[in-house]
1. Quick check on the range 339-382: of everything there that is open to solvent by less than 90 Å² (accessible area, probe 1.4 Å) and more than 24 Å from S271 (Cβ to Cβ), which residue is modelled with the highest pLDDT?
2. Within the range 1-69, considering only strands (runs of 3 or more DSSP E) that don't extend past its boundaries, which have at least 1 residues that are at pLDDT below 70?
3. Test R157 against the stated conditions and say whether it is surrounded by fewer than 23 Cβ atoms within 10 Å (Cβ to Cβ), more than 30 Å from S288 (Cα to Cα) and of a type outside the set (V, I, T).
4. Looking for whichever is at pLDDT below 95 and among the polar types (S, T, N, Q) here; the options are T239, T273. Which one fits?
5. For the subset of the range 161-197 comprising residues that are charged (D, E, K, R) and open to solvent by less than 50 Å² (accessible area, probe 1.4 Å), which member is nearest to Q230 (Cα to Cα)?
6. Filter the range 280-296 down to the residues that are assigned to a helix (DSSP H, G or I) and closer than 21 Å to L357 by Cβ and list them by number.
7. Residues that are open to solvent by less than 60 Å² (accessible area, probe 1.4 Å), among the β-branched types (V, I, T), modelled with pLDDT of 90 or more and assigned to a helix (DSSP H, G or I): does the range 314-331 have at least one?
8. What residue, among those in the range 105-135 that are within 13 Å of R157 (Cβ to Cβ) and in a loop (DSSP other than H, G, I, E, B), is least open to solvent (accessible area, probe 1.4 Å)?
Amino acid sequence: MNNNSITSNPLAAVQVEIGPDSLEKLPDLLRSCGSKVLLIHGHRPVEDGLLTKVRLLLIKENFPHADMGQILPNPKYGSVKRGIKKARQEKCDIILSLGGGSTLQCAKGIALGLGYSGDVWDFWTGKKKPHHVYPIASILTNPSSGAELSTGCTLVRKGKRETINDAMLKCTFTILDPNLAMYPFYPTMTQVFNLFIHLFYGALTLENEDYSKCIDLLHQLFDAADTLEQDIHNLEARTALFQIGYESHSAVHIAKCPVESLADDLAFQFSLTEGSAGCALFLAWVDSLKKEDKAKIAQMGKDLFNLSECTFDQTLDALKAKLQPTGLALSIPGSGLSVSNHDLFSLTSNHDDRKILMHANQPINGPHPKRRLKKKHTPKRL
């Protein structure tokens, strides 16, 4: 399988390398950016293995590096301050994140503050605007986030998440190598779901060619997920996840699904993964949509499942049948979280969001046994 080298929007100048063994390009990519790299990493099995491979490669290629680890999910302002100090001590001029979105958020904060003599938090308060950001690079193991193209940086300070957005916070380059993303079944399926809800919302809100593109990518996603359910180590399917993820964030402009923000808050407050939280809210959110949206979902059901006739309820059952083999919870109780509606209401004061949370906080039953899906008639060949 060949590697694919992709350059996104020329104005952003982000170089994205997708494919098995694309990690081998790292030394040359780093040399085009600077002279010494600070590696930002967490502490999980996949990231630990990635860190070892990167270190060995840089040693082999005689590229200077230092590292800073123990970056936890939802990175904190204090970690960024620690990273700025480390980068200055080591005279690093490139910041490279290894792993997922949390390490990349931290790397962005470090790159932003490295050339600034004041408190890096000045950028979050609006006291200062970025004028220079050191090169940011990433080796991502999560194909679903679109973090390689993001202009945002989110940090936690005093228990609250704060975000800034600036075009200078995009990566200079990103490596998406499926060999480095061999997660176990459950975390892989949370990544699949994150891609699913992104594309589902795209199909729901877009029309014409953009709608067709979302449906096509959903078909590809279903195929990759089916393969990974049978063989979690299938390299071709994992490569497909990275390619689907990149295309879903670059080839089609899809707004963030409203329920994703609620899921982010649920995950942050109750220590769930974003994919688990999103899946737990998904069916309740879909059921809360307006009549015209449900009509569009019925049309999506016909296109997604090759049906001649399909109602909203039948589409919902078909989607539920697709999601159940992933092992992801389809409700809040199914996720193992036992929490009262009152406690859930602390997440939001929005009446509609509270209704979704209440609905999601009830156990989910299986598909209705009497509902049948009619396949399109295919004429026999003469």
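The values are calculated or read from the model by the stated rules, or taken from the named source; none is laboratory data. Since the structure is predicted, the reported quantities are computational estimates derived from the model, not experimental observations. Glycine gets a Cβ as well: all are built from the backbone with ideal geometry, and neighbour counts include every protein chain shown. These accessible areas exclude ligands, DNA and RNA; they are computed on the full protein's heavy atoms, side chains included. Shrake-Rupley method; radii C 1.70, N 1.55, O 1.52, S 1.80 Å.
1. Here the answer is G366.
2. Filter on the range 1-69 gives 4-7.
3. yes
4. Residue meeting the stated conditions: T273.
5. Ranking the candidates gives D177 first.
6. Within the range 280-296, A280, L281, F282, L283, A284, W285, V286, D287, D293, K294 meet the criteria.
7. yes
8. Ranking the candidates gives V120 first.
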